[in-house]
Amino acid sequence: MTGLEPDAATSEPDEVYATKPTRRAQSAAGLWQLVRLALRGDDQNYTELPLRRAVLLLAIPMVMEMAMESLFAITDIFWVSRLGADAVATVGITESLVAMVYAVALGISVAATSTVSRRVGEGDTQAASTGAGQVLLLSLLVAVFVGGLGIWSAPKLLAAMGASAEVLRIGTRYAEIMLGGSVTVLLLFALNAVFRGAGDAVTAMRSLFLANLANIVLGPIFIFGLGPLPAQGVTGAAIATTLGRGLGVCYQLAHLLNRRSRLQVSVRHLRPHRQVLMNLVRLAGAGTLQSLLETTSWLGLVRILSTFGSAALAGYTIAIRITIFALLPSVGLANAAATLVGQNLGAQQPERAERAVWVVGLYNFAFLGSVGLVFVSLPEWLSSLFTTEPEQLRYAASCLRIVALGFLFYAYGMVLVQAFNGAGDTRTPTLLNVLAFWCFKIPLAYLLSRQLGFGPSGVFMAITAAYSALALMAAFMFRRGTWKTQRV
């Protein structure tokens with residue numbers, strides 16, 4: 001022993017402890033740099049980047065995009081709620097009609113992402129541009145039909161939905177504008193799917209940011225009037241929303257036509273290409289059906305819950321709204337999985353595509369696990385932000401707690417379903433939706449709530465069971481690997 005050794009021995013822990021803050025600082029700095037890089041939108045080859053880095057670079061702007069989409073509904077109802085119950089009813093009824101337009105838009109989005117991502121992965125930029133042009137053409141054709149039908153049938157549809165005479169009076173024009181302006185919904189969704197498929201998630205995010213900014217500014221101006229502009233009431237909300245989305249579409253088109261953009265579309269790419277169009281129609285049709293199967297299954301739950309009184313139905317509505325808002329980041333992560341699957345399959349790297357899905361699933365597992373812990377621990381507090389009525393509060397808290405128990409399953413289920421879509425295998429998730437939602441969720445909800453006496457809690461249990469079953473079935477089908485050979 002030299003007498004120096006004790007100092008040397010004790011100095012090592014000091015050095016280790018001294019580096020811990022430095023390492024944390026370096027880690028935080030590295031994460032911040034990654035966020036900045038993701039939001040800057042530089043051109044990246046997602047088939048060659050380290051997998052975790054590729055996932056984060058895609059997922060960050062996609063999560064932001066979903067946050068922007070949620071602002072539309074929040075902004076509209078914030079201003080319209082000041083006009084009274086009939087105005088709010090007008091928005092609610094019309095939104096239920098526009099939900100069908102959303103389903104079609106989501107179907108076209110599935111087709112757009114899988115087609116463009118596959119061509120980009122193959123390195124065929126011209127074919128990717130052709131695919132984008134055909135998506136634009138298909139969206140325009142569908143929008144003309146849907147918009148024209150919506151304008152013509154708006155008052156009839158409102159009446160069929162049980163609108164009162166006052167809602168018909170103030171809401172017909174609102175419904176005509178929202179349904180007639182569905183071209184902006186279809187194009188905004190479809191073109192953002194094109195950008196995501198190309199790996200340009202930042203442009204998709206920016207288009208929605210611009211659309212939301214315009215809606216936030218224009219909403220109160222058109223609703224309440226400003227200077228020489230007269231107050232339009234609830235009709236003003238439709239004008240502002242349509243103009244806002246239209247501005248976002250203009251930004252998308254300008255970017256597509258820019259020669260310096262990652263994916264360029266010219267007039268020649270808009271000429272009908274029979275094979276590409278037919279493939280898009282096939283994928284979009286299955287994607288639309290897939291969305292409708294899930295959306296309409298919720299109507300069955302509402303019908304069952306309505307037999308237990310308005311308090312149970314209101315509590316359920318509050319809980320589901322909170323849940324959907326919390327799930328938005330998961331939707332962004334799932335979209336990242338779809339892009340990575342499509343591009344890596346195009347690059348003939350099916351094993352990397354599979355690994356990407358499990359990596360995204362792990363991130364989603366960590367996120368939703370944390371959210372689920374909050375929901376299970378604090379359901380009453382979360383519900384109290386939206387209602388103080390004791391019975392509604394009790395049902396909302398019960399729904400949040402029970403539904404959150406399945407979040408760890410949902411985490412992988414959402415990602416796996418989008419992975420199938422990204423591969424162009426829309427048939428598998430459509431079949432899974434039939435089994436999970438119509439053959440399992442609705443019958444189970446009725447059995448538990450009515451026959452076995454669990455009441456509304458039985459419906460909440462059925463939701464958890466159905467989405468958990470969907471995740472398990474999706475994992476089994478995904479492991480089989482048939483999606484890797486899907487032609488797009």
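The values are calculated or read from the model by the stated rules, or taken from the named source; none is laboratory data. None of the values given here were measured: they were computed from a predicted structure. Here the Cβ is made from the backbone with ideal geometry for all residues, glycine too, and neighbour counts use every protein chain on show.
Give the number of residues within region 148-183 that are surrounded by fewer than 22 Cβ atoms within 10 Å (Cβ to Cβ) and within 29 Å of Ala334 (Cβ to Cβ). Adding up the residues that qualify gives 1. Determine whether region 272-285 contains at least one residue that is of a type in the set (D, E, K, R) and within 25 Å of Thr75 (Cβ to Cβ). No. If you scan region 374-393, which residues turn out to be part of a helix (DSSP H, G or I) and either over 18 Å from Leu405 (Cβ atoms) or out of contact with any helix residue (DSSP H, G or I) (no Cβ under 8 Å at 6 or more places or on another chain) (or both)? Residues satisfying the conditions are Ser377, Trp381, Ser384, Pro390, Glu391, Gln392, Leu393. Residue check, Glu15 against (1) modelled with pLDDT under 75; (2) within 30 Å of Thr94 (Cα to Cα); (3) of a type in the set (Asp, Glu), all met but one. Which one? For Glu15, the failing item is (2).
Of the residues making up region 468-488, not a single one is buried (at least 20 other Cβ atoms within 10 Å of the Cβ), of a type outside the set (A, V, I, L, M, F, W, C), at negative phi and in contact with a helix residue (DSSP H, G or I) (Cβ under 7 Å, 6 or more places away or on another chain). With the condition kept exactly as written, say whether any residue in region 82-97 is crowded, with 24+ Cβ neighbours inside 10 Å and among the basic types (Lys, Arg). So far as region 82-97 goes, no, none of its residues is crowded, with 24+ Cβ neighbours inside 10 Å and among the basic types (Lys, Arg).
For region 449-456, the criterion of being under 23 Å from Thr288 (Cβ atoms) and without any contact (Cβ under 8 Å) to a residue 60 or more places away in the chain is satisfied by no residue at all. The set of residues from region 55-66 being among the β-branched types (Val, Ile, Thr) and modelled with pLDDT under 90 comprises just one member, Val63. Does region 37-54 contain any residue that is within 21 Å of Ala326 (Cα to Cα) and either at pLDDT 80 or above or assigned to a helix (DSSP H, G or I) (or both)? Checked against the condition, which is being within 21 Å of Ala326 (Cα to Cα) and either at pLDDT 80 or above or assigned to a helix (DSSP H, G or I) (or both), region 37-54 yields no hits at all.
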